[in-house]
Each structure stands twice: as C-alpha cells, then as structure tokens.
C-alpha cells in the first residue's frame, strides 16, 4: 500500500505542478532582472508552436553567452516556462526557451528538426540579440534533456535527417550540454516502469517514434543520443534524481560511462532522494555545480 500511495502522491504533485505552471505563466517564466521577448518565430511562415522565448538579462555585458533550453513533457506536452536554470540569467546568460512540434502533431524526427532550426536561427541572428556564438550551450529537462543531448552528440555526425537544410550542419558550435534527467538510449528500457508502460500503444516513446521500440529498434537507435557518441562531442553535464520513476537513474549512469569510454568530458550528478524534476534540481549546491561546470568549459 505504501508504494501505491507514493505513486499516487507523486502523480498528484506533478498534476498540481503542471496546473500551477499553466495558471501562473502558461508559456513564459517570470525571471527577475530580465526582459523577455515572447514567441519569436524561428521558421518563416512556420507553425504557431515553432517559436521561442528569449530572456535578456538587464545588466548583461554583450555579447552574452546563451543557454538554449528545451522543455520536457514526454515529447507531447509541457511549456516553455519549464526552465531548470533561470538563475543563470543573474550571471549574464541569455536564455532561449524553445517550443517544438509535439509527437501528436508529427513523430520523430520533427522534434529534432525544429530544435536544430531554432538553434540555427539564434546563430544567424546572434548579433541582432547581442549573443556570443562562441558560448552557445544547449540544455533541457526530461524529453528536453534527451533532445539537447541528441543535438550535442549528433552535431558532428552528419545526420541530414536532423536538418531541414543539410548545409546547416557543422556551422553551429555547441560548447556544452546540460542534460537534466533525459533518456539517452531508447532501446534499453522496456515494459512497465514505476509509473508508466514504455511499450504500450499510448506510451510517450511509442508516440514519439510512431512505432513500438520493440518492433523498430532501428528507429529507437536513430533517436538515441548514445548512437552518436564520439571523442569530439562537447562537454556534457548530466543531472539525475536517484529515485526517478520515469527515467531510471541507471540510464544516465550508463550514458555517462559510455561518454567517458569515448573520451568525452562528462560529469554526472546524482541527487539523492530526488525523483523526476522538482525544486531539488535548483538547490544551491546544484546551482554551484552547474556554474562551476560552465566556468570550466569557457575557461578553455
């Protein structure tokens, strides 16, 4: 009974959290000390969801480093206001929070196509917004963590399916990746986990791929960051809750091990007692480790 109560309690908490997010700011987070430009389209004549919000710190020195943030929500929900690193604005980082097509609209690779398009738009318009193209960082939580890691790992692998125009490949340099509790290998978790059925017809993974991963492991591999790991990948910081009931912690541990074996600069932070998302991911000690990681990246 205790485990059932815990599951129900977590579900209610997540629902309340999502409801509060929608009620308070819907798509846009209120970050003190910033000016926000809302709903900037990154594709001319694109869909309404192909946009981003850009937070510019009031006192930032230009050109500014940029955090490109991709929100979570099982690839089929969530809001641009779900940002784990708003505190970086106080340090002079601009933050671009991306919206993208959900799996109900189009299956993979629509999501990575959109995110790469947004990155390309920011790169092309960096001077207009006062952004430093030598300090572009991409990050995200949950499904957004997966997409940010996928961009970071695949950028130097020449995957034309991830770009609307293959000539965009290799023009953008991502300096670092911030992966918050994102799935990294879509072929390693199957069956019923603590809170969901990975292989059910209505599961987030099945809807993302447009097929069951057990039937199409090839599609799951194409959509997995681990597929593209090589020694030339940017440094990556992985942050994951020890008792995550949606994306198991060991998946990030395995991702970290593969990165290290390939010679990629990687760091893994395990948050004891943390589940999937929540205030523990913005605790002062976690903030310090994120800041230290970025400082180390940009000192080199």
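Placing dummy labels 7 Å off each Cα toward the beta-carbon, the span from residue 134 to residue 156 is 1.8 nm.
Of the two radii for region 153-194, the radius of gyration is 1.11 times the Kirkwood radius, both from the alpha carbons; that is the Rg over Rh value. For region 181-300, the alpha-carbon coordinates run over 45, 33, 19 Å along the three principal axes, in decreasing order.
For the chain, the relative contact order works out to 15 percent when only alpha carbon pairs closer than 8 Å and six or more residues apart are counted. So between residue 105 and residue 192, what do we pick up on full extension, going 0.36 nm a residue minus the alpha carbon distance? Separation in residues times 0.36 nm, less the Cα-Cα distance, equals 28.8 nm. Length gained on full extension, residue 218 to residue 282, computed as 0.36 nm times the residue gap minus the Cα-Cα distance: 19.5 nm.
Computed as a quarter of the hull surface, the mean projected area of the alpha carbon convex hull for the chain stands at 14.8 nm². For the options 201, 41, 57, a Gaussian network treatment of the chain with springs between C-alpha atoms closer than 10 Å singles out 201 as fluctuating the most. Report, in whole Å, the centroid distance computed from the Cα atoms of region 239-272 and region 26-55. With region 239-272 and region 26-55 each reduced to a Cα centre, they are spaced 30 Å.
Only helices enter the 222 nm calculation for the chain: every DSSP H run of n ≥ 4 contributes -39,500 (n - 2.57), and dividing by all residues gives -9500 deg cm²/dmol, rounded to 500. Of 82, 120, 250, the residue with the greatest mean-square motion in the GNM of the chain, using alpha carbon springs below 10 Å, is 250.
Laboratory data are not the source of any read-out in this text; all were calculated from the coordinates shown. Only a predicted model underlies this, so the values are computations on that prediction, with no experimental measurement involved. When we count neighbours, we look across all protein chains shown, and the Cβ atoms used for this are built from the backbone with ideal geometry, even at glycine.
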